[in-house]
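Asker: Take this structure, written in structure tokens, and hold onto it; I'll ask about it next.
The values are calculated or read from the model by the stated rules, or taken from the named source; none is laboratory data. Every value quoted in this text rests on a predicted model; they were computed, and no experiment measured them. Reconstructed Cβ throughout: ideal geometry from the backbone, glycine too, with neighbour counts over all protein chains shown. SASA here: full protein model, heavy atoms, side chains in, ligands and nucleic acids out. Shrake-Rupley method; radii C 1.70, N 1.55, O 1.52, S 1.80 Å.
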Amino acid sequence: MRYLKIVPGTSVDGPGLRTSVYFAGCSHHCHGCHNEHSWDFMGGEQIAPEALLQKLLENEEPVTLSGGDPLQQPHDELLALLKGLKAHNVNVWCFTGYTFEQLLTNRQHKELLGYIDVLVDSPFVLAQRDTTLRFRGSTNQRILDVKASLAVSHPVLTPYQESPIL
């Protein structure tokens, strides 16, 4: 796995204080992306899933996976990290440029969803940018309850979807 930085105690990538991991690598290349530096798959530092898990558990906070696109990390390594987080009952949010519907069509991505609590999906669209939105940058992006969404095989929004920045 490759990551750019780990930010403990942040409140911008989900509710409350969380630890965010910004992964390296993204093929979506959204126009207007505020993390263009994260697109390089060889950027940042390499880390084993077990080592990253230990760093995240030290902070004793919920975790947000961002990037880049976390779902473009090596599957087995990301799966090991997610399983480790859930074994410690850590709440996990994940930001991705894929839509939930796209993720359901890929067996490996669908498997990863089983270990994610909340998914902020869809690419950033500059023409739909809205700075009043909470935890997302454009109106097409959705904040999904993954467990509920998987149960009915379609997106189920969380209450955060309608909650503006105050």
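Asker: Can you say whether H37 is within 20 Å of A24 (Cα to Cα) and open to solvent by 60 Å² or more (accessible area, probe 1.4 Å), as far as the supplied structure shows?
Answerer: Yes: the conditions hold for H37.
Asker: Among the residues of segment 17-31, count how many are out of contact with any helix residue (DSSP H, G or I) (no Cβ under 7 Å at 6 or more places or on another chain) and open to solvent by 10 Å² or more (accessible area, probe 1.4 Å).
Answerer: Of the residues in segment 17-31, 4 are out of contact with any helix residue (DSSP H, G or I) (no Cβ under 7 Å at 6 or more places or on another chain) and open to solvent by 10 Å² or more (accessible area, probe 1.4 Å).
Asker: Can I ask one more? For L82, are the conditions met, namely being at pLDDT below 95 and open to solvent by less than 60 Å² (accessible area, probe 1.4 Å)?
Answerer: The answer is no for L82.
Asker: Within segment 123-135, how many residues turn out to be free of Cβ contacts under 8 Å to residues at least 60 places away in the same chain and open to solvent by 30 Å² or more (accessible area, probe 1.4 Å)?
Answerer: 6
Asker: While we're on this one: Which of the following residues is crowded, with 17+ Cβ neighbours inside 10 Å and within 22 Å of G43 (Cβ to Cβ): D117, D69, D76, D145?
Answerer: Result: D69 is the single residue among D117, D69, D76, D145 that is crowded, with 17+ Cβ neighbours inside 10 Å and within 22 Å of G43 (Cβ to Cβ).
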